[in-house]
1. Could you check LYS155 against (1) over 18 Å from THR21 (Cβ atoms); (2) under 26 Å from the mean Cα position of the chain (by Cα) and say which number it fails?
2. Is it the case that the range 358-366 has a residue that's touching a His at 6+ places or on another chain (Cβ under 6 Å) and without any contact (Cβ under 8 Å) to a residue 40 or more places away in the chain?
3. Only strands (runs of 3 or more DSSP E) wholly contained in the range 251-356 count here; list those with 3 or more residues that are surrounded by fewer than 18 Cβ atoms within 10 Å (Cβ to Cβ) and at pLDDT 95 or above.
4. If the Cβ limit is 6 Å and pairs must be 6+ apart or interchain, which residue in the range 12-29 that is part of a helix (DSSP H, G or I) pairs with which residue that is small (Gly, Ala, Ser)?
5. Quickly run through the range 345-379 and pick out the residues that are of a type in the set (Gly, Ala, Ser) and either over 21 Å from TRP449 (Cβ atoms) or touching a helix residue (DSSP H, G or I) at 6+ places or on another chain (Cβ under 6 Å) (or both).
6. Kindly establish whether SER80 is in a helix (DSSP H, G or I) and either among the hydroxyl-bearing types (Ser, Thr, Tyr) or crowded, with 20+ Cβ neighbours inside 10 Å (or both).
7. Counting only residues that are of a type outside the set (Ser, Thr, Tyr), within 23 Å of ASN433 (Cβ to Cβ) and touching a Lys or Arg at 6+ places or on another chain (Cβ under 9 Å), how many does the range 346-384 have?
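The values are calculated or read from the model by the stated rules, or taken from the named source; none is laboratory data. Remember, it's a predicted structure, so these values are computed and weren't measured experimentally. Heads up, the Cβs are rebuilt from the backbone with ideal geometry, glycines too, and the neighbour counts pull from every protein chain shown.
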Amino acid sequence: MSFRAAPRLLISAAHKSSGKTTISVGLAAALAARGLAVQPFKKGPDYIDPQWLGAAAGRQCRNLDFHTQPPKHITQLFESTSRDADISVIEGNKGLFDGVDLEGSNSTASLAHWLEAPVVLVVDTSGMTRGIAPLLLGYRSFDTRLRIAGIILNKVGGPRHEKKLREVVQHYTGIPVLGAVQRAGAMRIMERHLGLVPANEAHEAQAAIASLRDHVAASVDLDAVMELARDTLPIEVSPHRAPPAPPPDLRIGVVRDAAFGFYYADDFDVLRQAGAQLVFVDSLRDPKLPDDLDGLFIGGGFPETQAEALEANAGFRADLAAKARAGMPVYAECGGLMFLSRSIIWNGQSRQMCGLIPGDAVMHPRPQGRGYVRLRETTDFPWPRLESGPGITPAHEFHHSRLENLEGEPRFAYEVVRGAGIGQHRDGIVVGNSLANYAHMRSVGASPWAPRFAEFCRHVRDGRR
């Protein structure tokens with residue numbers, strides 16, 4: 001069936017580092033400041049940009065990713081989370097037409113087609129005047145089915161530069177210029193080795209968002225943006241209505257703080273649908289874990305930047321390790337794996353961690369694993385089996401650390417078909433009832449990890465394993 005979704009637009013660029021994230025964050029905040037319900041989305045596997053977008057909009061950002069979601073699931077998630085919004089702001093990744101295959105089937109342009117979304121192109125105009133015309137004409141003619149409905153000039157040098165750019169765009173292309181954002185310190189978000197600093201870790205996040213909001217509101221025609229977003233076509237989709245979550249019969253802890261903040265909002269939804277009450281804990285400040293947890297989930301993040309504080313909270317680390325050794329199920333991803341290791345070694349300093357995994361997480365200048373991964377479960381995989389057996393699980397990874405000095409003969413839950421993992425084509429180290437991998441999972445499609453983990457926690461709790 002068809003439905004007319006909320007007004008929507010997709011923010012993209014000719015190439016990465018054009019400033020589309022700062023524009024998207026500022027735009028979401030500026031529209032929300034008008035009293036509009038803004039639903040943000042981010043294309044691809046990403047944790048950091050969605051934190052900023054969600055904080056700017058005041059609503060949970062959702063990820064739309066062709067690697068882990070079939071297109072039907074993408075449109076269903078989009079429909080179900082945007083139906084009560086006044087506008088949906090979708091930030092693309094990389095350049096508009098960039099993708100992993102020749103046809104661009106997983107590109108931002110392909111997502112725009114699936115969602116019938118008009119595209120706003122953010123153009124980095126540094127050192128550019130008349131050259132903007134062939135760039136825009138080429139992008140428009142490369143895929144004539146795609147609607148490039150407007151552009152935002154970014155990193156503009158000043159009023160004279162803006163005037164020249166507007167004249168060139170109007171004369172040669174006729175594409176509406178929705179705004180011109182001048183190069184300014186107010187349009188930057190802090191960066192480091194994995195990209196932007198996460199909003200959960202940046203103490204000045206709200207001040208930074210307010211600065212982006214004010215700068216974009218003064219530089220972009222928000223009325224024209226809303227008019228463009230309203231001019232959309234219906235989307236063909238089978239609307240998805242999730243049943244009400246059952247009364248919870250599990251208590252699953254989630255470590256969420258400045259060290260660990262890489263979580264998908266819809267994974268939390270699936271855990272709740274699986275009967276879990278989520279109990280959020282702080283590894284930097286809580287003296288220990290709650291005593292009545294049936295399981296623990298530690299997501300990714302930047303434990304290396306918080307390693308001194310994590311080491312200082314020795315009581316929490318010792319309690320976590322003791323409960324895990326006593327049989328409490330623990331699931332950890334990337335940064336969580338580092339936290340469960342013996343130590344984190346970075347910039348010549350070694351900080352003690354939980355010691356559950358007999359190895360050290362050693363940071364390196366270059367990524368040790370980056371991009372999409374594909375995994376196959378081994379016979380050591382500890383959770384309930386899928387009926388279809390050990391198929392291929394899609395996931396993603398991005399880590400500068402490597403697990404080194406690993407002792408004994410560890411068991412691994414995954415064979416790495418594509419990607420780096422822990423090493424030697426293996427990922428998912430199994431220690432007792434704990435599973436820790438560099439791969440980041442998403443509980444959709446071929447990787448329903450959340451209900452499997454919940455069921456495993458029940459089995460352990462009820463003594464049925």
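1. Result: LYS155 passes all but (1).
2. Pass one, the range 358-366, residues touching a His at 6+ places or on another chain (Cβ under 6 Å): 363-364.
Those still in the list that are without any contact (Cβ under 8 Å) to a residue 40 or more places away in the chain too: 364.
For the range 358-366, residues touching a His at 6+ places or on another chain (Cβ under 6 Å) and without any contact (Cβ under 8 Å) to a residue 40 or more places away in the chain: present.
3. Numbers: elements: 260-262, 276-281, 295-298, 330-333, 341-346, 349-352.
Result: 276-281, 349-352.
4. Cβ pairs passing all conditions: LYS20/ALA13; VAL25/ALA56; ALA28/ALA56; ALA28/ALA57; ALA29/ALA56.
5. In the first step, residues of the range 345-379 are kept if they are of a type in the set (Gly, Ala, Ser); the result is 348, 350, 355, 359, 361, 369, 371.
GLY348, SER350, GLY355, GLY359, ALA361 - these are the residues of the range 345-379 that are of a type in the set (Gly, Ala, Ser) and either over 21 Å from TRP449 (Cβ atoms) or touching a helix residue (DSSP H, G or I) at 6+ places or on another chain (Cβ under 6 Å) (or both).
6. On the way: in a helix (DSSP H, G or I): yes; either among the hydroxyl-bearing types (Ser, Thr, Tyr) or crowded, with 20+ Cβ neighbours inside 10 Å (or both): yes.
When the stated conditions are applied, SER80 passes them.
7. At the first step, the residues of the range 346-384 found to be of a type outside the set (Ser, Thr, Tyr) are 346-349, 351-371, 373-377, 380-384.
If we keep only those that are within 23 Å of ASN433 (Cβ to Cβ) too, we end up with 352-361, 375-377, 380-384.
Next, only the ones that are touching a Lys or Arg at 6+ places or on another chain (Cβ under 9 Å) stay: 352-361, 375, 377, 380, 382-384.
Of the residues in the range 346-384, 16 are of a type outside the set (Ser, Thr, Tyr), within 23 Å of ASN433 (Cβ to Cβ) and touching a Lys or Arg at 6+ places or on another chain (Cβ under 9 Å).
For (1) within 22 Å of HIS113 (Cβ to Cβ); (2) more than 15 Å from the chain's Cα centre (by Cα); (3) not aliphatic (A, V, I, L, M), each residue gets a yes or a no:
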residue	(1), (2), (3)
ALA33	no, yes, no
PRO45	yes, no, yes
GLN51	no, no, yes
GLN69	yes, no, yes
